[in-house]
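> Handing you this structure, nothing more for now.
The values are calculated or read from the model by the stated rules, or taken from the named source; none is laboratory data. Note that the structure is predicted; figures quoted are calculated from it, not measured. A quick note on method: Cβ atoms are made from the backbone with ideal geometry, for glycine too, and the neighbour counts reach across all protein chains shown. Note: accessible area is taken over every heavy atom of the protein model, side chains too, but ligands, DNA and RNA are not part of it. Shrake-Rupley method; radii C 1.70, N 1.55, O 1.52, S 1.80 Å.
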Amino acid sequence: MKWNKMLALFIISLLFIMPIQAFADMAEGDVIVTLGENLSEEQKNMLLAEMKAPKDATIITVSNEEEHKYLGNYISKALIGTRAISSSAVTIAKQGSGLEVETKNINWVTDEMYINALITAGVKDAKIYITAPANVSGTAALTGIIKAYEISAEKTIPEEVKQAANEEMVETAKLGDSVGNENAAALIAKIKEEIAKNSPETDAELRTIIENAAKELGITLTEQEILSLIDLFNKLKELDIDWNQVGEQLNQAKDKISKYLESEEGQGFLESLKRFFVSVIDAVKAFFS
């Protein structure tokens, strides 16, 4: 009887130790998959196949309760809904490689918005694929990605930082509705860059940074949008965020774009884009001739 008790205790202890060891051993190329809790088995299998998730991938779930916890203060409960379905695959990348994001069936939050928000949360060095069985806003996916990063890095991200990252993502998406998604993401990144260089001490200094960044990018902001951005960045300034790291991560993101455009693949893309516009112009000329 005593031996059976000892054996049972040993097995129970392994149940606690083994997952910790698995997470601690995560290395470049390892994959963590986050699945919405309310996906059907068929949908789960479909998304796992789409993500090309390896059999040994670590799988975690994201609940609708977690969605409401991190998004409930920024968007309506109706928009969050009652089902968690957004999913993601997070592949551990080489140290110093930065973030790469690709999305499918995400129709509100852009790749750049995810990158901005993840940089705020301190997430780095990962290739991230975000998807859903059908078109969704994509706001819930950030919760799963941060959860996955905490597991892979064995690092707990403070709750207030998670909240700030989600708020930033939502505010950027809202701004995108009026100035365009690309403009909104570029503006947030530009403001972060300037704060990383020289942190503003007052609202007036922060307003100047925001207005100058908008002007440089050719973006016209309403007074309410400026005030919302001042409020957002004041919250970010109060958090324990490594702004030097933020600046480095943003530079890495820009470097990747530059290297792609300079590459053979990137040049091919630009050439095909050029041919497309030439063909459009020729078609217009032919129509009026």
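> In sequence order, what are the phi-derived ³J(HN,Hα) couplings for region 240-246 according to the Karplus relation 6.51 cos²θ - 1.76 cosθ + 1.60 with θ = phi - 60°, rounded to whole Hz, with x for glycine and proline?
Here the 3J(HN,Hα) series is 7, 9, 7, 5, 5, 5, 4 Hz.
> Considering only DSSP beta bridges where both residues belong to region 30-158, give the percentage that are antiparallel (nearest 5).
50
> For region 30-158, what is the relative contact order in percent, using Cα pairs closer than 8 Å and at least 6 residues apart in sequence?
The value is 30 percent.
> A follow-up question, please. Work out from phi, with θ = phi - 60° and the Karplus expression 6.51 cos²θ - 1.76 cosθ + 1.60, the ³J(HN,Hα) of each residue of region 71-77, listed in order in whole Hz, and give x for Gly and Pro.
Result, rounded to whole Hz: 10, x, 7, 10, 9, 5, 4.
> Could you give the size of the charge dipole of region 156-243 about its Cα centre, using +1 on the Cβ of each K and R and -1 on the Cβ of each D and E, expressed in debye and rounded to the nearest 20?
Numbers: 9 positive and 20 negative charges, 44 e Å.
Taking the Cα centre of region 156-243 as origin, the dipole is about 220 debye.
> Between T156 and K215, what is the FRET efficiency for a Förster distance of 35 Å, r being their Cβ-Cβ separation, to the nearest 0.05?
Efficiency, rounded to the nearest 0.05: 0.35.
> Using amide H atoms built in the peptide plane, which far-off residues or other-chain residues are under 5 Å from V101 H to H?
Amide H to amide H, under 5 Å and 5 or more residues apart or across chains, V101 pairs with I128.
> Could you sort the peptides 180-191, 35-46 by per-residue average Cβ neighbour count (10 Å cutoff), highest mean leading?
Ranking, from highest mean packing down: 180-191, 35-46.
> Ranking request for peptides 149-159, 100-110: highest mean number of other beta-carbon atoms within 10 Å first, then the rest in descending order.
The densest-packed peptide leads the list: 100-110, 149-159.
> Order 83-93, 218-228, 65-75 from most to least packed using the mean count of other Cβ atoms within 10 Å. Write down the numbers at each step before the final one.
Working: 83-93: 24.0, 218-228: 13.2, 65-75: 17.8.
Packing order, densest peptide first, comes out as 83-93, 65-75, 218-228.
> Now for a different question. Return one whole number: the accessible area per residue of region 186-239 in Å², for a 1.4 Å probe. Each step should come with its number before you reach the end.
Details: 2830 Å² over 54 residues.
Value for region 186-239: 52 Å² per residue.
> From the square roots a ≥ b ≥ c of the eigenvalues of the alpha-carbon gyration tensor of region 105-203, which class results: rounded (a/c under 1.5), prolate (a/b over b/c), or oblate?
Values: a/c = 1.99, a/b = 1.10, b/c = 1.80.
Here region 105-203 falls in the oblate category.
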